[in-house]
1. If each of residue 217 and residue 160 carries a label point 7 Å out from its Cα toward its Cβ, how far apart are those two points in nm?
2. Report, in debye and to the nearest 20, how large the dipole of the range 303-450 comes out about its Cα centre when Lys and Arg carry +1 and Asp and Glu carry -1 on their Cβ.
3. Averaging sequence separations of C-alpha pairs under 8 Å and six or more residues apart, then dividing by the length of the range 6-118, give the relative contact order as a whole percent.
4. Can you tell which of 216, 189, 246 lies farthest toward the positive end of the dipole of the range 156-273, using +1 and -1 charges on the Cβ of basic and acidic side chains (Lys, Arg; Asp, Glu)?
5. Output the relative contact order of the range 141-223, whole-number percent, from Cα pairs under 8 angstrom with separation of 6+ residues.
6. Which of 70, 82, 363 ends up with the largest GNM mean-square fluctuation for the chain, with Cα atoms connected below 10 Å?
7. Given contacts defined as C-alpha pairs under 8 Å and at least six residues apart, what's the relative contact order of the chain, whole-number percent?
8. For the range 171-299, what ratio Rg/Rh do Cα atoms give with a Kirkwood hydrodynamic radius?
Amino acid sequence: MTRRTLLAAAFATDSTIALGSRRELFIDRFLIAELKGAELRLGTPVDSGTAFKFDKPWEGRFSNYATVIGKKLYYRGVPNAGEDGRGNEVTCYAESKDGHSFERPNLRRGTNIILANTPPLQHNFSPFLDRDGTYKGLAGTSKSGLMAFHSRNGIQWTQTQTEPVLTGGAFDSQNLAFWSESEKQYVCYYRTFKKIGTTNYRWISRAISQNFIDWQKQGELSFGDAPPEHLYTNQTSPYFRAPHIYLSLCARFLPGRQVLSESEAKAIGVDPGYFKDCSDAVLMSSRGGTIMDRTFMEAFLRPGLGMKNWVSRSNYPALNLAQKGDDHLCFYVVKDYGQPSIHLQRYTLRLDGFASVHAGYSGGTMLTRPFTFTGTQLEVNFSTSAPGGIRLWLEDPNGTVLAESTELVGDAISRIVKWKSLDSLALLTAKPVRLRAALKDADLYAIRFN
């Protein structure tokens, strides 16, 4: 079974998907039965400038593992390379007024440090905002296990208990957790290793909990028939516009893939031990469980121009996505790792624009699997060229046309589809249908019945 069909088969209990009023993104083939002359295409993030520089003495060139929660930024500060959980590792905090850049508040003796002097317990601290408005977090090493922390304001943190809540993992990366509204439980994605042939791959495993203290391991993630790769950080979170879909902006690591010469490395000032590997970011997705879909093996974010981007452990995305304005979202990436110029870069993307069903000028079609929906209208996120367009048909499972749309032309995050012979889709609600789309020089990013 290929990775294209593994996810759909795992979640389909029968031949019809109960779509309800959920927004569905075309980031995988979960909903797609057929593409002709069309393809799934990755979105292209836009570089939007430097958001933060890790240039204080307690931060330095090995700052990393950032988490952004709304206007709050958390990250590891450590000026030198060394063993995980070393004594000078601190957890730092910054705030943003506009989402474009962050500033340090004065919290502890003129610094923005919120956790210190507790190595290895605070190693690679990764917090999240819980459903009750409080904050929780995990941190630790393979020796200490993962420790639980809690906070009322996200600044003053308390270790929840003296014993680790999760043990038996490598944990030498950012180990994250969140409350899953769709699964009604806490979910943790953490670092393990998986031996395949002679290579010990950096891998991802998953655990679940009802109370954030007692965790049940579910085992290693499965990526279908995708070739194994080193996945350094997974940065998985529920997508805020479709929380049943988990999106992962994962750091893909290529050990030993050296791009810079020794003289080039010296010229940019990178630490001598950190230029003989390189990395980029890939897009993965999940709808729960231990299956992670890798429809796209291509880079979601390439390292980019300049030698500074082609060093070891650079280009690691921060955890979480954030909506900015009515039509786009942003995320952040640690750049120039191991260098004096290390910083956090901001990228923007249209809402839902991680991937799309795309067809060029010659046109193409998409047909979904059968599904049921609730609601009276169809909302779409789409874009066309001036001569391009999209036409939609709702059909019964046998192919009989039940409704035909007028042509969609333009560019909109939310456009309500108009139907030629129907004012409302109320008569079709809860009945099995398929959606057929004909696209010309156009992209369809997401659909939602409401």
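1. For the pair residue 217/residue 160, the computed spacing is 1.9 nm.
2. On the way: 16 positive and 13 negative charges, 74 e Å.
Using only the charged Cβ atoms, the result is roughly 360 debye.
3. Relative CO of the range 6-118 lands at 16 percent.
4. Result: 246, furthest along the dipole toward the positive end.
5. The value is 21 percent.
6. Maximum among the listed residues: 82.
7. 18 percent.
8. 1.04
Read-outs throughout are calculated quantities, based only on the coordinates presented, and are distinct from any laboratory measurement. Model, not experiment: these values are computed from the prediction. Cβ coordinates were reconstructed from backbone atoms using ideal geometry, including for glycine residues, and neighbour counts include every protein chain displayed.
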